[in-house]
Structures are given as structure tokens and as C-alpha cells.
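A quick write-up on the structure given underneath.
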Amino acid sequence: MKSSRIFWLCAVPAAMCFQYAGAQTYPVKPIRIVVAFPPGGGTDIVTRLIAPRLGAALGQQVVVENRAGADGILGTDLVAKSAPDGYTLFVGTAGNLAINQTLYSKVPFNIERDFAALTQVVSVDMMLTVHPSLPVKNVGELVALAKARKGDLNYGSTGIGGIPHLAMELFNYTAGTRMAHIPYKGGAPALSDLLGGHIPMMVQSTVQGLTSVKSGRLRAVALLSAKRAALLPNVPTASESLPDCVASNWYGLVVPVNTPAAIQKRIYEEYVKVVRSPDMKELIAAQGAESVGSTPEEFSAFLKSEIAKWARIIKTANVRAD
């Protein structure tokens with residue numbers, strides 16, 4: 001009994017020292033950041049801007065690996081099941097990290113159980129745009145028209161369960177309206193039909209719709225962000241008329257949950273330094289996004305609130321993707 005006790009007294013500090021030493025020498029090989037979408041999308045572009053600078057800070061190559069499929073579920077699951085050693089990171093979106101778990105009847109992971117939240121990387125403003133032929137200029141007029149037409153007013157989206165779709169369902173929920181959904185296979189065909197007047201409205205990112213709004217081909221009725229945007233200072237937020245009608249896309253950095261705390265801290269500190277640097281803020285702004293760089297505690301609380309918010313909207317609107 002005495003020898004067993006001596007063994008454990010020696011073994012525990014040794015294990016702690018081993019973990020500490022591992023964290024001190026991390027990283028000793030290249031790191032991959034998984035993006036669950038094809039190359040060229042917003043998440044991929046922003047992550048590829050950050051990766052080389054993160055690699056320089058950590059002293060190892062950082063590679064962006066695209067693992068698209070099943071609306072982001074394949075890439076998310078890959079990271080959830082990866083070794084928790086700091087060599088596989090995941091940059092996910094509101095869809096990957098807050099929506100899919102409720103949108104699909106069964107997914108092979110649980111975001112809050114399987115991942116450790118490190119930081120919200122960026123926020124992407126969304127805006128409600130209408131074709132000029134629709135006789136509304138603000139949220140109040142749109143709500144009045146939607147109620148007068150009693151479900152006979154449509155909106156387009158990039159597809160079932162995406163932020164543009166669920167943002168309009170959030171609008172319906174907070175305004176007490178019932179506008180009908182027309183899903184498209186992506187943003188480009190939806191925008192084309194909106195510009196052509198075939199659908200009267202849709203929610204889209206400011207980066208996608210800004211040019212059309214500035215040219216007068218579309219009208220921005222409201223931003224769905226928490227605050228007004230510098231690029232569109234005269235466009236009000238929906239929440240100015242409808243409290244809690246706030247919907248933005250965002251990208252966040254997570255790692256497998258059992259990644260050692262010291263390694264999580266190192267990744268977080270270096271990643272946020274890059275995200276918050278003045279020149280990186282400018283580069284990210286040029287992509288239509290805003291740098292955030294929140295703390296792990298802030299991002300964890302935000303992620304929990306986003307999961308709950310979108311779960312409520314998905315269930316209320318009876319949205320299913322499978």
C-alpha cells in the first residue's frame with residue numbers, strides 16, 4: 001500500500017510536467033485549419049489571410065484544408081474526431097457551429113460537448129434587401145404590407161437552413177408576419193432573380209448586396225446587425241423597430257475539447273494577435289467582414305446563445321433540412 005501511494009505521488013507531478021513540457025515545445029510540426037466549405041468562399045478567404053501570419057507567429061507552417069460536404073457536417077465531424085493535440089483547428093460559421101445541430105435530425109457530434117471555443121474571428125453583416133418595385137422603404141411598411149397580404153408575400157434565400165433563410169424566419173417571428181420562403185441553390189441564382197424582380201426580397205450579406213444597393217438596383221430596408229454599418233450609415237437596423245431581430249453570420253475558431261489548456265491558450269493568443277492587428281482588420285474589412293477576436297469565455301457564451309436562438313427559430317418555423 002505504501003509503495004503504491006509513493007508511486008502515485010510521483011506519477012501525478014510527472015504527468016503534469018509532461019503536459020507542461022508538451023505545451024512549451026508546441027508546435028513541433030505543421031498545423032492544419034479545416035474549413036468545411038470549398039475554396040473561394042468567405043470563410044476560406046479570411047482563413048487563408050490569417051494562416052501564414054499565424055504560422056510565422058507559431059514557427060510552423062499552417063495549412064488550410066478544405067473538407068466540404070453535407071452542408072459543412074463532414075468537416076465539422078472530422079475535427080470533432082481528430083486528436084486533441086493542437087494540430088487540427090476548425091474555423092466554422094454560424095451554420096456549422098450553431099445551426100446544423102438543430103437543423104438536421106441527426107449529426108455525429110455535439111458542438112458544446114466536442115469542441116472548445118477559442119475566439120469569434122469575424123462578424124459578417126446581413127441586410128434585408130427588396131426589389132424597387134416593392135412599395136416599402138422601411139421595416140414598418142414591410143410589416144404592414146406583409147400583414148395586409150396575409151402570406152401572399154414571398155422571399156428568396158440561398159437554401160433551406162442558411163442564415164438568409166433563418167434570418168427571414170426570425171423577422172417573421174419578431175414581426176408576427178408570415179412571408180413564404182422560396183429556396184434557391186446558392187446566392188448567385190437567388191440574387192439574379194431578385195435583381196430581375198422575380199422575387200421581391202431576400203436577406204444577403206452586405207458584401208454581396210452592397211453594389212446593387214449603391215447603384216439603386218435594390219433597396220436596403222434594414223440591416224440585421226446589432227448596430228448600423230459605416231458603409232451604409234443611413235440604413236437602420238431591424239432591431240430599431242423589432243427588438244431582438246438581430247442576425248449575422250460569423251466565423252469562429254474551435255479545437256477538439258480535450259486539447260491541453262496550455263496549447264489552447266497559445267493558439268488563442270497568437271490567433272487573436274493576428275486578427276486584431278490593424279492591417280489584418282483592413283484586409284478583413286475589404287472582404288465585407290469585421291474583425292472580432294473575442295476571448296474564449298466571450299465566444300463560448302456567444303456560441304451558446306446562438307445555438308439556443310437558432311434552435312428556437314428552427315423549431316418555431318418547423319424548418320428541416322433532411
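The values are calculated or read from the model by the stated rules, or taken from the named source; none is laboratory data. Only a predicted model underlies this, so the values are computations on that prediction, with no experimental measurement involved. Every residue, glycine as well, gets a Cβ built from its backbone with ideal geometry; the counts of neighbours run over all protein chains shown.
Please find, within the range 86-129, the residue that is nearest to LEU218 (Cα to Cα) out of those that are of a type in the set (A, V, I, L, M) and surrounded by fewer than 21 Cβ atoms within 10 Å (Cβ to Cβ).
Our first condition is that a residue be of a type in the set (A, V, I, L, M); within the range 86-129, this holds for 89, 91, 94, 97-99, 103, 107, 111, 116-118, 121-122, 124, 126-128.
Within this subset, residues satisfying the condition of being surrounded by fewer than 21 Cβ atoms within 10 Å (Cβ to Cβ) are 107, 116.
Working: VAL107: 38, ALA116: 41 Å.
Ranking the qualifying residues of the range 86-129, first place goes to VAL107.
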### Meets criteria (at pLDDT 95 or above, of a type in the set (S, T, N, Q) and crowded, with 18+ Cβ neighbours inside 10 Å) for ASN172
yes
### Query
Among (1) touching a residue at least 40 places away in the same chain (Cβ under 8 Å); (2) within 29 Å of THR206 (Cα to Cα), which single condition is TYR87 missing?
(2)
### Task
Could you figure out which of (1) outside the structural domain of ALA98 (by TED's automatic domain parsing); (2) surrounded by 21 or more Cβ atoms within 10 Å (Cβ to Cβ); (3) of a type in the set (Val, Ile, Thr); (4) not in a strand (DSSP E or B) isn't true of VAL203?
(4)
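Which of the residues that make up the range 238-247 are crowded, with 22+ Cβ neighbours inside 10 Å and either assigned to a loop (DSSP other than H, G, I, E, B) or not small (Gly, Ala, Ser) (or both)?
Step one: of the range 238-247, the residues crowded, with 22+ Cβ neighbours inside 10 Å are 238, 247.
Within the range 238-247, ALA247 is the sole residue that qualifies.
Hey, among LYS185, LYS214, LYS227, which residue is modelled with pLDDT under 95 and closer than 14 Å to VAL124 by Cα? Before you say what the answer is, go through the steps one by one.
Working: LYS185 fails: closer than 14 Å to VAL124 by Cα; LYS214 fails: closer than 14 Å to VAL124 by Cα.
Of LYS185, LYS214, LYS227, the one residue that is modelled with pLDDT under 95 and closer than 14 Å to VAL124 by Cα is LYS227.
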### Breaking point among (1) surrounded by fewer than 21 Cβ atoms within 10 Å (Cβ to Cβ); (2) in contact with a strand residue (DSSP E or B) (Cβ under 8 Å, 6 or more places away or on another chain); (3) of a type outside the set (D, E, K, R), for GLY156
(1)
### Query
From the residues in the range 253-307 that are free of Cβ contacts under 8 Å to residues at least 60 places away in the same chain and under 19 Å from the mean Cα position of the chain (by Cα), which one is surrounded by the fewest Cβ atoms within 10 Å (Cβ to Cβ)?
GLU297
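Restricting the search to the range 156-183, which residues are under 20 Å from ALA308 (Cβ atoms) and part of a loop (DSSP other than H, G, I, E, B)?
From the range 156-183, those under 20 Å from ALA308 (Cβ atoms) are 161-163, 165-174; that's our starting set.
Scanning the range 156-183 gives GLY161, GLY162.
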### Task
Tally the residues that are touching a helix residue (DSSP H, G or I) at 6+ places or on another chain (Cβ under 6 Å), modelled with pLDDT of 85 or more and hydrophobic (A, V, I, L, M, F, W, C), restricting the search to the range 13-41.
5
### Task
Please enumerate the residues belonging to the range 94-124 that are out of contact with any strand residue (DSSP E or B) (no Cβ under 6 Å at 6 or more places or on another chain) and hydroxyl-bearing (Ser, Thr, Tyr).
THR102, TYR104, SER105
#### Entry: Of the criteria (1) surrounded by 18 or more Cβ atoms within 10 Å (Cβ to Cβ); (2) touching a strand residue (DSSP E or B) at 6+ places or on another chain (Cβ under 8 Å), which one VAL143 fails
(2)
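Sort through TRP310, TRP250 and tell me the only one that's of a type outside the set (A, V, I, L, M), in a helix (DSSP H, G or I) and touching a residue at least 12 places away in the same chain (Cβ under 8 Å).
Numbers: TRP250 fails: in a helix (DSSP H, G or I).
On inspection, the qualifying residue turns out to be TRP310.
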### Task
State all residues of the range 42-62 that are closer than 20 Å to GLN287 by Cβ and touching a helix residue (DSSP H, G or I) at 6+ places or on another chain (Cβ under 7 Å); if no residue qualifies, say none.
VAL46, LEU49, ILE50, ARG53, LEU54, VAL62
#### Entry: Scope the range 208-237; condition touching a residue at least 60 places away in the same chain (Cβ under 8 Å) and either part of a strand (DSSP E or B) or outside the structural domain of ALA190 (by TED's automatic domain parsing) (or both); matching residues
ARG219, ALA220, VAL221, ALA222, LEU223, ALA229, LEU232
### Query
Which residues, counting only those in the range 215-229, are surrounded by fewer than 20 Cβ atoms within 10 Å (Cβ to Cβ) and over 23 Å from GLY41 (Cα atoms)?
SER215, GLY216, ARG217, ARG219, ALA226, LYS227, ARG228
